[in-house]
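Before any comments, here is the structure.
The values are calculated or read from the model by the stated rules, or taken from the named source; none is laboratory data. Note that the structure is a prediction, hence the values are computed from the model and not measured. Cβ sites come from the backbone with ideal geometry, for glycine too, and all protein chains shown count toward neighbours.
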């Protein structure tokens with residue numbers, strides 16, 4: 001009872017301290033001339049991968065009940081938070097046969113449509129607020145947008161609105177939950193943000209693996225540029241968020257930013273990155289990479305005016321049941337990532353195990369944050385203001401340094417209450433802080449901004465225990481405590497521990513501000529690599545580096561005598577280079593790999609097979625042959641060289657060298673040890689070739705495959721022919 005009395009008294013005192021004021025000039029800082037908009041929030045999920053084969057037992061064990069978990073997610077998180085928009089950023093369906101061949105399957109799209117209708121019914125979110133777009137799996141074997149095999153245009157929410165043919169779509173995001181009537185009020189003519197969808201799936205969509213990378217031509221980049229201009233063409237100055245499936249480094253731009261010389265024609269226009277940063281886009285959110293590189297695949301891109309574009313990749317619903325809450329609150333951009341745990345969550349989930357299970361309405365569900373300090377119980381807490389010092393200044397709203405005189409947070413109930421109400425009674429919300437240098441700590445109760453809303457606030461800068469002027473940085477955290485009577489309260493739900501920048505206010509106390517430069521993100525090496533380089537340029541350089549190492553380092557230099565008589569492997573490569581019938585075909589093969597087609601590939605159903613080159617594909621579409629640069633073919637070549645060509649060349653050199661050291665031809669071409677050394681490479685190569693050639697591109701890829709499937713058989717024939725010629729030669733006896 002003492003605890004309840006103290007909380008109630010503190011809440012009254014804090015609320016009596018008044019409203020927030022945005023201060024500027026006398027502090028040496030500036031505020032935007034345009035009126036700052038209100039508070040808006042939206043939610044992102046990605047890579048649902050709904051499949052025709054999800055009912056199979058092995059799929060259930062691996063990925064759980066994806067549709068059933070979407071229903072629970074809609075009944076809890078979406079129903080309680082009522083976001084202004086729900087983003088579903090690509091790979092809506094799996095788009096593969098049971099063997100793994102890319103194919104659009106209408107039943108999968110019907111399942112996706114059923115899932116959308118279920119989300120609308122269970123959450124109360126209208127279809128107009130659901131913003132979905134294509135991923136690479138949604139375009140497998142798709143001849144054209146709006147065609148017979150484009151099921152996105154028939155079943156997806158955005159497909160029905162735009163007809164499925166638009167590459168760029170936009171929608172304003174207004175303050176508060178989505179409501180068409182509320183958004184039409186006069187005070188909300190200016191949106192808080194504009195969400196712009198970017199569909200970079202290639203057209204036509206070929207079968208994988210030749211559509212892992214997105215493709216954005218100059219026309220689409222210019223259309224995006226005009227859309228961003230139009231978003232700020234009036235008196236409004238909303239924040240801009242672009243969402244897509246592919247991370248920026250995975251999007252090839254053959255016209256504006258060619259990944260190989262000679263790929264662009266005509267006058268060069270702005271690249272995608274230049275357009276995003278010039279318009280002050282706050283964030284680019286995507287999916288596609290799942291959690292292969294880590295759970296925090298983020299990067300900040302510098303803008304010309306000193307701001308930053310936050311690129312935020314979201315892990316997959318399929319593997320991790322990941323979702324993201326993003327907010328805009330009076331110039332402050334924030335986000336928080338969570339895992340949604342259910343009894344059927346995937347075995348492949350890389351999320352932490354749930355420690356806070358709640359049995360409600362017969363369902364065990366729980367939510368955990370990606371950040372270790374985040375705790376979710378009956379409420380989910382997301383700080384909306386001040387901005388995170390690791391991700392600001394960002395976008396146009398933060399071009400000038402702003403002041404924030406209060407802490408604000410969304411406190412979203414996620415577990416229905418047993419008392420008969422749909423969601424729990426209001427919690428007690430507590431703000432705590434720790435100053436970076438002085439180590440001072442403090443706390444303050446928070447109050448609702450408006451009755452009936454999930455937004456809470458607490459004033460800042462008027463307490464005796466606030467930070468010193470020299471601190472410069474403070475770590476804040478918001479906690480939601482359940483109201484209980486007659487027993488000890490459970491541990492609170494907690495937000496992330498957010499670093500926020502400080503500056504001197506007019507009352508001599510430190511106030512929040514946007515930092516001059518972001519704090520380090522503290523990512524792992526893999527998380528940095530995912531967005532830290534151009535994937536197209538990297539594929540080009542790695543492939544030709546492996547190719548040059550094989551042709552020059554392993555074949556030509558040993559022929560010139562380098563390494564002769566030295567240690568392994570130089571000695572065996574020199575021995576093989578001395579045997580012209582074995583050495584010369586390998587040199588010709590290396591030259592062929594950069595000039596000749598690697599295999600024949602059936603890219604589209606109903607079309608004749610095309611050809612698969614290093615960095616390009618040739619296919620037939622609409623009765624005409626089309627040539628398209630494709631860096632995804634180089635990724636196949638990298639795997640082929642690393643797992644087949646290089647180890648096979650060294651293995652052949654070892655075998656040939658052992659023959660040269662014998663006085664007579666061996667009885668068997670290879671020894672048991674040599675065969676065992678080759679076995680793992682052979683097994684892996686067969687697996688890769690089977691998937692790339694037969695599974696992906698049908699039987700023509702095996703009938704004509706001099707660059708891939710024929711490599712090991714041709715090597716075996718080459719060695720066999722040389723061994724047979726050695727066996728037919730007479731034995732040379734030594735002179736006595």
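Evaluating residue 125 against the criteria (1) within 30 Å of residue 76 (Cβ to Cβ); (2) without any contact (Cβ under 8 Å) to a residue 12 or more places away in the chain; (3) in a loop (DSSP other than H, G, I, E, B) leaves one unmet condition, (2).
Residue count for segment 52-97 under the criterion of being in a loop (DSSP other than H, G, I, E, B), touching a strand residue (DSSP E or B) at 6+ places or on another chain (Cβ under 8 Å), within 14 Å of residue 319 (Cβ to Cβ) and touching a residue at least 60 places away in the same chain (Cβ under 8 Å): the result is 0.
Residue-level check: of (1) under 18 Å from residue 515 (Cα atoms); (2) modelled with pLDDT under 90; (3) touching a strand residue (DSSP E or B) at 6+ places or on another chain (Cβ under 6 Å), residue 384 misses just (2). Within segment 218-238, restricting attention to residues that are buried (at least 16 other Cβ atoms within 10 Å of the Cβ) and at pLDDT below 90, the residue that is farthest from residue 291 (Cα to Cα) is 236. When residues in segment 298-310 are screened for being surrounded by fewer than 23 Cβ atoms within 10 Å (Cβ to Cβ) and over 16 Å from residue 520 (Cβ atoms), 4 of them pass.
Does segment 102-111 contain at least one residue that is under 22 Å from the mean Cα position of the chain (by Cα), assigned to a strand (DSSP E or B) and touching a residue at least 60 places away in the same chain (Cβ under 8 Å)? Checked against the condition, which is being under 22 Å from the mean Cα position of the chain (by Cα), assigned to a strand (DSSP E or B) and touching a residue at least 60 places away in the same chain (Cβ under 8 Å), segment 102-111 yields at least one hit.
So that you can scan it fast, the table gives a plain yes or no per residue for (1) buried (at least 21 other Cβ atoms within 10 Å of the Cβ); (2) without any contact (Cβ under 8 Å) to a residue 40 or more places away in the chain; (3) at negative phi:
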residue	(1), (2), (3)
509	no, no, yes
523	no, no, yes
531	yes, no, yes
548	no, yes, yes
559	no, yes, yes
573	yes, no, yes
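If only one of 133, 78 is closer than 18 Å to residue 161 by Cα and surrounded by 20 or more Cβ atoms within 10 Å (Cβ to Cβ), which one is it? Show your work before the answer.
Numbers: 78 fails: closer than 18 Å to residue 161 by Cα.
Every option except 133 fails the conditions.
The residues of segment 601-617 that are farther than 14 Å from residue 700 by Cα and part of a strand (DSSP E or B), listed by number, are 613, 616, 617.
One line per residue, one yes/no per condition, for (1) farther than 26 Å from residue 656 by Cα; (2) in a loop (DSSP other than H, G, I, E, B):
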site: 668; (1), (2): no, yes
site: 676; (1), (2): no, no
site: 679; (1), (2): no, no
site: 687; (1), (2): yes, no
site: 693; (1), (2): yes, no
site: 708; (1), (2): no, yes
site: 717; (1), (2): no, no
site: 721; (1), (2): no, no
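Would a scan of segment 283-294 turn up a residue that is within 23 Å of the chain's Cα centre (by Cα), surrounded by fewer than 19 Cβ atoms within 10 Å (Cβ to Cβ), part of a loop (DSSP other than H, G, I, E, B) and modelled with pLDDT of 90 or more? Yes: segment 283-294 contains one or more residues that are within 23 Å of the chain's Cα centre (by Cα), surrounded by fewer than 19 Cβ atoms within 10 Å (Cβ to Cβ), part of a loop (DSSP other than H, G, I, E, B) and modelled with pLDDT of 90 or more.
This table checks each residue for (1) outside any loop (DSSP other than H, G, I, E, B); (2) out of contact with any helix residue (DSSP H, G or I) (no Cβ under 7 Å at 6 or more places or on another chain); (3) modelled with pLDDT under 95.
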| residue | (1), (2), (3) |
| --- | --- |
| 547 | yes, no, no |
| 553 | yes, yes, yes |
| 558 | yes, no, yes |
| 563 | no, no, yes |
| 568 | no, yes, yes |
| 573 | yes, no, yes |
| 587 | yes, no, no |
| 592 | yes, yes, no |
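Looking across segment 594-618, the residues that are in contact with a helix residue (DSSP H, G or I) (Cβ under 9 Å, 6 or more places away or on another chain) and touching a residue at least 60 places away in the same chain (Cβ under 8 Å) come down to 598, 599, 600, 601, 602, 603, 609, 612, 614, 615, 617.
Let's see how each residue does on (1) part of a loop (DSSP other than H, G, I, E, B); (2) over 19 Å from the mean Cα position of the chain (by Cα); (3) surrounded by fewer than 24 Cβ atoms within 10 Å (Cβ to Cβ); (4) modelled with pLDDT under 95:
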position: 241; (1), (2), (3), (4): no, no, no, no
position: 255; (1), (2), (3), (4): yes, yes, yes, yes
position: 261; (1), (2), (3), (4): yes, yes, yes, yes
position: 275; (1), (2), (3), (4): no, yes, yes, yes
position: 281; (1), (2), (3), (4): yes, no, no, yes
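Counting just the residues of segment 43-66 that are in contact with a helix residue (DSSP H, G or I) (Cβ under 7 Å, 6 or more places away or on another chain) and farther than 21 Å from residue 291 by Cβ, which one comes out surrounded by the fewest Cβ atoms within 10 Å (Cβ to Cβ)? That would be 53.
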